[in-house]
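So the structure is just underneath, and the comments pick up after that.
The values are calculated or read from the model by the stated rules, or taken from the named source; none is laboratory data. Predicted, not measured: the structure shown is a model, and the values here were computed from it. All Cβ positions, even for glycine, are placed from backbone atoms using ideal geometry, and neighbour counts span all protein chains on display.
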Amino acid sequence: MKTAFITGAAGFLGSHLVDEMLRTGYRVIGYDNLSHGNLSNLENARLHPNFIFHFGDVCDRQALRKAAGSGLDLVLHLAAFKIPRYGKVTDTLRINSDGTLNALQLAVEHSAKFVITSTSDVYGKNPVLPFSEESDSVLGPPTISRWAYAASKLFDEHLVLAMSEEHGIPATVIRIFGSYGPRQHLSWWGGPQAVFIDAVLRNQTIPIHGDGLQTRSFTYVSDTVRGIAAVGKADCLNREIINIGNNVEITILELAQEIHRLCAVPWPLRLQILPYNEISGRRYEDVRRRVPDITKAKRTLGFEARVTLDEGLQKTIEWQRPLVLGQSVGPEAETSTMVEGVRA
């Protein structure tokens, strides 16, 4: 039985990936500091005999090595820090660089395959769409802190490809496009869907950052995780980059309107347009359009998103509705207990 080590295992994508790897016959070691993840996301996994969870920080190299034990076949590195728009720029840069280096060194020590989830944000302001894996990264100046996340993940990509070549371990970089779905963080950390659903169900005004005409391509979590797992199991794509996402484009205003329709509430849609400088109090640049070219994923993995945006949003609303209305305990309600070596 092969063993997969997953950082960020208690988070949104990480916990779904844990479930998928267990389902397909892997022994899984999960690792998370519970800063944004939660043990409730691993409720089913913790009952599985082939899963063990360790509390720890990816920036703590010794704790990471201790948790891994011996005999890893695959390291799936999902732990990361983001959203420097609201500050925490140093954390974004430090956690993403140091954490990736530590996870990479773990893979080297075990001669394990390494897979990292990067971000579509690295394409930045490139005006040529859709974004292929060979597209240029066009980032704004470092005086605009919003680009710190993209810069940190671009550094990670270079580090992964360089260490893979230097140490002879197989490695792949995955660029994720707009994942959403059950277990998403119920704040801007989880993306606009979570915030918009919450506002609509509470009969509150939806905050639209910027003018709302910027577009995104959103991918339901089951599709994203299926793509990540396929990359982890594939023998191809060594020292390569691959887009995993849905190539259907929608404006943020259209997203808000669709969520309001699917929530089927009796009150009207209310929107508030918030210029970026009024939100963060600092200069900000946004990406106007973001659409993936998934030709490579189709060719190499047979991957294509299966869940439409309407289907995915409906499933997400059904999951989030009782949390918003207080009918059950949400994923953020459980105390982030420090645990190590937990199976149940």
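List of remarks:
- Pairs meeting the criteria (first residue in the stretch 115-132 and more than 18 Å from Tyr284 (Cα to Cα), second residue polar (S, T, N, Q), beta carbons under 6 Å, at least 6 apart or on different chains) are Val115/Thr172.
- Checked against (1) under 16 Å from Val75 (Cβ atoms); (2) assigned to a helix (DSSP H, G or I), Trp189 passes all but condition (1).
- Of all the numbered requirements in (1) surrounded by fewer than 17 Cβ atoms within 10 Å (Cβ to Cβ); (2) of a type outside the set (Asp, Glu); (3) under 19 Å from the mean Cα position of the chain (by Cα), Cys236 misses one, and that requirement is (3).
- Residue match in the stretch 138-145 (condition: touching a strand residue (DSSP E or B) at 6+ places or on another chain (Cβ under 8 Å), under 30 Å from Leu72 (Cα atoms) and hydrophobic (A, V, I, L, M, F, W, C)): no
- Considering the conditions (1) surrounded by fewer than 17 Cβ atoms within 10 Å (Cβ to Cβ); (2) touching a residue at least 12 places away in the same chain (Cβ under 8 Å); (3) closer than 30 Å to Lys233 by Cβ, Asp286 is excluded by exactly one of them, (3).
- Residue within the stretch 126-146 that is within 25 Å of Ile250 (Cβ to Cβ), modelled with pLDDT under 95 and of a type in the set (D, E, K, R) present: yes
- Selection count where residues are aliphatic (A, V, I, L, M), assigned to a helix (DSSP H, G or I) and either in contact with a Phe, Trp or Tyr (Cβ under 8 Å, 6 or more places away or on another chain) or surrounded by fewer than 22 Cβ atoms within 10 Å (Cβ to Cβ) (or both), scope the stretch 198-217: 1
- Filter pass, Val160 being in contact with a strand residue (DSSP E or B) (Cβ under 8 Å, 6 or more places away or on another chain) and in a helix (DSSP H, G or I): yes
- Test: residue in the stretch 25-41 that is closer than 28 Å to Arg282 by Cβ, surrounded by fewer than 22 Cβ atoms within 10 Å (Cβ to Cβ) and among the hydrophobic types (A, V, I, L, M, F, W, C): no
- Against the numbered list (1) in a helix (DSSP H, G or I); (2) crowded, with 18+ Cβ neighbours inside 10 Å; (3) out of contact with any Asp or Glu (no Cβ under 7 Å at 6 or more places or on another chain), Gln184 comes up short only at (1).
- Unique residue being over 18 Å from Glu249 (Cα atoms), under 14 Å from the mean Cα position of the chain (by Cα) and either surrounded by 19 or more Cβ atoms within 10 Å (Cβ to Cβ) or of a type in the set (Gly, Ala, Ser) (or both) when the list is Val160, Val225, Val195, Val221: Val225
- Residue in the stretch 96-126 that is surrounded by the most Cβ atoms within 10 Å (Cβ to Cβ), counting only those that are under 25 Å from Arg290 (Cα atoms), under 18 Å from the mean Cα position of the chain (by Cα) and not hydroxyl-bearing (Ser, Thr, Tyr): Val115
- Counting only residues that are part of a loop (DSSP other than H, G, I, E, B) and charged (D, E, K, R), the stretch 256-303 holds 9 of them.
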